[in-house]
Amino acid sequence: MRGQTLFIGVALLVLVLPVAAADPPEAERARAAAVQVLEQTKSVLQSALSGGQPAAALRVCASVAGDIARKHEQQGWRVRRVSDRVRNPADTPDAYEREVL
C-alpha cells in the first residue's frame, strides 16, 4: 500500500508540475485531472484491499491504473507511472521526470 501511495504521488507530481507556469485555468484543469486519477486509483485499491489479500489488490490496482491513465489521455492529459526504480522499460522517466523524481 505504501508503495502504491508513493507511486501515485510521483505520478501526480509529474502531471501537475509542468503546468505550474501555465495560465491559471490550465493549471486548475491539471490539478482537477490529478485529483481524479488519485481518487479513482485509491478507490480501486481500497475495494481490492477489502478482500483481505494485499498481493491480489496490488495486481488489480496495477491493471486498472493503466485504464484510468488511458481514459485521461483521451481527455488531453498524459498520465504516466514512473519511478527511479524502473521495472518496465516503457515506464523509464524522461529527463524532466528524472529531475522531478
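Observations on the model:
- Multiplying the residue separation of V100 and R70 by 0.36 nm and removing their Cα-Cα distance gives an extension gain of 8.6 nm.
- Peptides 32-38, 54-60 ranked from most to least packed give 32-38, 54-60, packing being the mean of other C-beta atoms within 10 angstrom over each peptide's residues.
- Note on A32 and R78: the extension gain reaches 15.2 nm, defined as 0.36 nm multiplied by sequence separation minus the Cα-Cα distance.
Throughout, read-outs are computed from the coordinates displayed, never taken from laboratory work. As the structure is a prediction and not an experimental result, all values here were calculated from the model. In this analysis, Cβ positions are derived from the backbone assuming ideal geometry, glycine residues included, and neighbour counts consider all displayed protein chains.
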